[in-house]
Amino acid sequence: MIKTDKIAIVILNWNGRDMMRQFLPSVVKHSKDEGCVIVADNGSTDGSLDMLKEEFPEVELLPLPQNYGFAEGYNKALELVEAPYYLLLNSDVEVPEGWLRPMLDYMEQHPEVAACQPKLLSQKDKQYFEYAGAAGGFMDRYGYPFCRGRIFADVERDEGQYDTTAHLLWATGAALMVRSKDWKESGGLDGRFFAHMEEIDLCWRLRSRGRGIVCVPQSVAYHVGGASLAAGNPRKTFLNFRNNLLMLYKNLPADELKPVMRVRKWLDMVAAFKFLITGDVANFKAVYKARREFRRMLPDFEKDRQRNLQLAVDGGHGLPERIDQSLLLLYYAKGIKRFSALHF
């Protein structure tokens, strides 16, 4: 058990020795006043633990016996950490001096807020937002996530347009700061997701129960992105489609479930055939496999859905960070490709 009165900055590693050697120095250097840096190792076989012991003796280590995936790996690790705040941080994140203090100050001053994220910029081009979280996450009626600074694959240049603190539906799992109390009461991440969409599911549960999620853009982090699975990888496509459907099933208000799922069935078919006509048979199959696996797993999630609806304020209705429109329609039919052009 690791105990600290600071922010427990927990990096989940799986065979990321070289990545950590590159990015961990900035985290250690710029987090020592407010944070305790911990690496939870997901059963790596690349010598990560030996490298960490030799080159980063100041970092706390939590070796896990196997690769539990992103979601369950964090659940297992945080069972062994006692701290007022957890900060889930990807291993491919670089941070500047002073990156923690604004988030910590905001959380201390706003007890109604469960979780927050920094402004997430691209490590490869620091003038642009990073796809995985940008300046905070939202969602459309049919489960398509988007961010302040990113709609689908269109990523905006950071020109200070989102430098105000904003309430969100979800904060990025690349740099997610959450109160340990809220983490434990919500049950943490859903380990059945393995990876992808798990932080959105967690944040949606927290928001439905009346807790706040925000982006504090005075804190900044730089994310490489795609370190685990590159965009276009069929495994990533499978996890994103399956987990998005599971997340919708778990969290949608009762009166929305059937109509949303009916539309999503057709939208997923369109996405699958788009892959097919471009010659991407592997991703075409991944979408169909995801829908088949979603149907198979549904019975396992019935109790979760009932619990979420029981704990939701007003049945989960009225979350302003979920727009009651189709992002696909806004993007392709109306040409809206910047967050600032949306009105909700």
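The values are calculated or read from the model by the stated rules, or taken from the named source; none is laboratory data. Computed from a predicted structure; not experimentally measured. Every residue, glycine among them, receives a Cβ derived from its backbone with ideal geometry; neighbour counts consider all protein chains shown. Heavy atoms of the whole protein, side chains included, go into the accessibility calculation; ligands, DNA and RNA do not. Shrake-Rupley method; radii C 1.70, N 1.55, O 1.52, S 1.80 Å.
Laid out as a table, the results:
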quantity: Residue 119 being among the charged types (D, E, K, R), open to solvent by 10 Å² or more (accessible area, probe 1.4 Å), under 14 Å from the mean Cα position of the chain (by Cα) and farther than 14 Å from residue 10 by Cα; calculated: yes
quantity: Helices (runs of 4 or more DSSP H) completely within the range 37-112 that count 1 or more residues being farther than 30 Å from residue 215 by Cβ and charged (D, E, K, R); calculated: 48-55
quantity: Pairs, first in contact (Cβ under 8 Å) with a residue 24 or more places away in the chain in the range 135-161, second polar (S, T, N, Q) and not in a loop (DSSP other than H, G, I, E, B), C-beta under 8 Å, six or more apart; calculated: 136/117; 143/244; 155/122; 161/340
quantity: Qualifying residues in the range 98-116 (those that are in contact (Cβ under 8 Å) with a residue 40 or more places away in the chain and open to solvent by 10 Å² or more (accessible area, probe 1.4 Å)) - the one nearest to residue 203 (Cα to Cα); calculated: 112
quantity: Residue match in the range 215-229 (condition: open to solvent by 50 Å² or more (accessible area, probe 1.4 Å) and farther than 30 Å from residue 87 by Cα); calculated: no
quantity: Inter-residue pairs, beta-carbon under 7 Å, first of a type in the set (Gly, Ala, Ser) and in the range 316-344, second open to solvent by 50 Å² or more (accessible area, probe 1.4 Å), 6+ apart; calculated: 326/141; 340/161
quantity: Checking residue 138 against (1) hydrophobic (A, V, I, L, M, F, W, C); (2) in a loop (DSSP other than H, G, I, E, B); (3) under 20 Å from residue 251 (Cα atoms), the condition it does not meet; calculated: (2)
